[in-house]
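To start, the structure under review is shown below, and the notes come after it.
The values are calculated or read from the model by the stated rules, or taken from the named source; none is laboratory data. Here the structure is a predicted model, which means the values were calculated and not measured. Cβ placement follows ideal geometry from the backbone for every residue including glycine, while neighbour counts extend to all protein chains displayed. Heavy atoms of the whole protein, side chains included, go into the accessibility calculation; ligands, DNA and RNA do not. Shrake-Rupley method; radii C 1.70, N 1.55, O 1.52, S 1.80 Å.
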Amino acid sequence: MKSFNVRVEPSAAAPHLTVLLSSTPRGARLARRLAGEQLAAWGIPYNSETSQAVAIVTAELAANAITHGRNPGRDFRLTLLHLTGQGVVRIEMTDTRPGHLPRGPGAEPAATDAVSGRGLLLVAAYAERWGCEVRDAYTKTVWAEVGCPT
């Protein structure tokens, strides 16, 4: 089941990675690579189904952050959380455009001849849940949770 605007408060002890990356294509590529490396460090094999799903979701959320959430001179933040108690890896991408929210899971898909607009369909396909939160006046966080077998 997909959801929107559902906040999860991970425990402080949850394994996590948080890094600021440049709002450039290079930053988006680095986000995907860091996600795979971090999962491997947590014991999730690099070429596993979970690792591949997290890489795809991370890449899409990072691409959206640099395309739709970019402000000149401002970075985006990648946060990965291994929520073992919930059996998920949570990917959070925080950018500096809180007024540019993604279309929710029930929104109409992009026109068939549109050049873009289908990326969140990938997120919805690979994630158990995803959503968006505006936590302050300066940022928004788009998140997704990918199932992780224990």
_Just to be sure I understand, how many residues within region 48-103 are modelled with pLDDT under 95, acidic (Asp, Glu) and either open to solvent by 40 Å² or more (accessible area, probe 1.4 Å) or within 16 Å of Gly147 (Cα to Cα) (or both)?_
1
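Are any residues in region 119-136 in contact with a strand residue (DSSP E or B) (Cβ under 8 Å, 6 or more places away or on another chain), open to solvent by 20 Å² or more (accessible area, probe 1.4 Å) and either modelled with pLDDT of 90 or more or among the hydrophobic types (A, V, I, L, M, F, W, C) (or both), and if so, which ones? Walk me through it before giving the result.
Kept after step one, since they are in contact with a strand residue (DSSP E or B) (Cβ under 8 Å, 6 or more places away or on another chain), are these residues of region 119-136: 120, 123-124, 126-135.
From what is left, the residues that are open to solvent by 20 Å² or more (accessible area, probe 1.4 Å) are 120, 124, 126, 128-129, 134-135.
Passing the criteria: Leu120, Ala124, Tyr126, Glu128, Arg129, Val134.
Restricted to region 31-78, and to residues that are of a type in the set (S, T, N, Q) and in a loop (DSSP other than H, G, I, E, B), which residue is farthest from Val89 (Cα to Cα)?
Step one: of region 31-78, the residues of a type in the set (S, T, N, Q) are 38, 47-48, 50-52, 58, 64, 67, 71.
Next, from what is left, pick out any that are in a loop (DSSP other than H, G, I, E, B): 47-48, 71.
Values: Asn47: 15, Ser48: 13, Asn71: 28 Å.
The selected residue is Asn71.
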